[in-house]
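Accompanying notes for the structure given below.
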Amino acid sequence: MKTDSEIMNTGFESIFSSLGMVDAERFIALLKRDKFDYTQWQRELWPDETVESLSEKAQQAWDK
């Protein structure tokens, strides 16, 4: 199990490597400003999907 510090470091590395320094900073600022609720976001992201249907779509995307 990773420590909180290890998870934060990995997360920051991922964000900065994929978005670049400026956009990563903007992303972090947006999260802090909007009081982002990840759990609520997940609930609303795909309201008409089931775990099974999402899994099937993910497998189809992986196979392409």
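All of the numbers you see were taken from the coordinates with simple rules; none came from a lab. Fair warning: this is a prediction, and the values are worked out from it, not measured in the lab. Note: ideal-geometry Cβ built from the backbone for every residue, glycine included; neighbour counts use all protein chains shown.
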Residue hits (region 31-64; polar (S, T, N, Q), assigned to a helix (DSSP H, G or I) and either farther than 22 Å from Gly11 by Cβ or in contact with a helix residue (DSSP H, G or I) (Cβ under 9 Å, 6 or more places away or on another chain) (or both)) are Ser53, Ser55, Gln59, Gln60
By residue number, the members of region 1-20 that are touching a helix residue (DSSP H, G or I) at 6+ places or on another chain (Cβ under 9 Å), assigned to a helix (DSSP H, G or I) and of a type outside the set (Ser, Thr, Tyr) are Phe12, Ile15, Phe16, Leu19
Going through region 40-58 in order, the residues found to be exposed (fewer than 10 other Cβ atoms within 10 Å of the Cβ) and over 15 Å from the mean Cα position of the chain (by Cα) are Pro47, Asp48, Thr50, Val51, Glu52
Being over 24 Å from Leu54 (Cβ atoms), of a type in the set (Asp, Glu), surrounded by 10 or more Cβ atoms within 10 Å (Cβ to Cβ) and within 14 Å of the chain's Cα centre (by Cα) narrows Glu13, Glu6 down to just Glu13
Residue pairs qualifying under the 7 Å Cβ cut-off, at least six apart or on distinct chains, with the first in region 25-46 being under 28 Å from Ala58 (Cβ atoms) and the second being surrounded by 10 or more Cβ atoms within 10 Å (Cβ to Cβ), are Phe27/Ile15; Phe27/Leu19; Trp46/Leu54
Those residues of region 27-39 which are exposed (fewer than 10 other Cβ atoms within 10 Å of the Cβ) and charged (D, E, K, R) amount to Lys32, Arg33, Asp34, Lys35
